[in-house]
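A short worksheet on the structure shown next.
Bear in mind these aren't lab numbers, they're just calculated from the coordinates by the rules spelled out. Only a predicted model underlies this, so the values are computations on that prediction, with no experimental measurement involved. So basically every Cβ, Gly included, is an ideal-geometry build from the backbone, and we count neighbours across all protein chains shown.
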């Protein structure tokens, strides 16, 4: 291994190719879903505690902040799902070339973007 090679760790100056960016966003969406799991379990538990708890959570979810939060969780789930399906397809040997990786990344962005827009219409 060449130890004299230049090392650039400034993420703001690195130009990632599209497949690397979609893979990076897949990891970020998975971490976000893990963190949102705490919120989802809390709201689920509170809604099952009593009728008052259910009505409180229902009121929170119908507020503008609740709808935005719901859409963010939904969007993270949709992106993670679509990118995960792409990774599963790649496990079968489809799309391992540079061109196939670009096409798969574009498909992930387009499909997840459409599903996120449909989800926004559904929530509002």
Given the options 41, 25, 33, which has the most mean-square fluctuation in a GNM of the chain, springs set between C-alpha atoms less than 10 angstrom apart? 41
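Compute the semi-axes of the equivalent ellipsoid of the range 1-77, taking the square root of 5 times each eigenvalue of the Cα gyration tensor, and list them largest first in whole Å. Working shown, then result.
Working: eigenvalues 345, 34, 17 Å².
Each semi-axis is the square root of five times an eigenvalue, giving 42, 13, 9 Å.
Report the extension gain between residue 56 and residue 97 in nm, rounded to one decimal, defined as 0.36 nm multiplied by the number of residues separating them, less their alpha carbon distance.
Values: separation 41, 0.36 × 41 = 14.76 nm, distance 5.11 nm.
So the chain would gain 9.6 nm between residue 56 and residue 97.
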With angles folded into 0 to 90 degrees, how steeply does helix 51-62 sit against the dominant principal axis of the chain? Use alpha carbons for both and round to 10. 50
Calculate, for residue 110 and residue 15, the FRET efficiency according to 1/(1 + (r/R0)^6) with r their C-beta to C-beta distance and R0 22 Å; round to the nearest 0.05. 0.55
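Can you tell me the FRET efficiency between residue 69 and residue 48 if r is taken as the Cβ-Cβ distance and R0 is 30 Å, rounded to the nearest 0.05?
On the way: r = 19 Å, r/R0 = 0.64.
Between residue 69 and residue 48 the formula returns 0.95.
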What do you get for the angle between helix 98-123 and the principal long axis of the chain? Use alpha-carbon atoms, 0 to 90 degrees, nearest ten. 10
For every helix of n ≥ 4 consecutive DSSP H residues, a contribution of -39,500 (n - 2.57) applies; sum these over the chain, divide by its total residues, and give [θ] at 222 nm rounded to the nearest 500 deg cm²/dmol. -28000 deg cm²/dmol
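Given an 8 Å cut-off on Cα distances and at least 6 residues of separation, report the relative contact order of the chain as a percent. List each step's numbers first, then the result.
Values: 72 pairs, mean separation 39.4, N = 124.
Relative contact order of the chain: 32 percent.
How far, in nm, would the chain grow between residue 24 and residue 36 when pulled straight, counting 0.36 nm per residue and subtracting the alpha carbon separation? List each step's numbers first, then the result.
Values: separation 12, 0.36 × 12 = 4.32 nm, distance 1.84 nm.
Additional length available on full extension: 2.5 nm.
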Which order do 98, 57 fall in if you start with the one that has the fewest other Cβ atoms within 10 Å? 98, 57
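Restricting to Cα atoms and excluding each atom paired with itself, what does the Kirkwood estimate give for the range 18-123 in Å?
On the way: mean 1/r = 0.0654 Å⁻¹.
After inverting the pairwise mean of 1/r, the radius is 15.3 Å.
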With a 10 Å Cβ neighbour count serving as the proxy for reagent exposure, in which order, fewest first, do 124, 71 appear? 124, 71
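Taking the Cβ of each residue in 70, 13, 22 as the centre, tally the other Cβ atoms inside 10 Å and list the residues starting with the fewest. Could the numbers behind the result be given before it?
Working: 70 18, 13 7, 22 24.
The most exposed by this proxy come first: 13, 70, 22.
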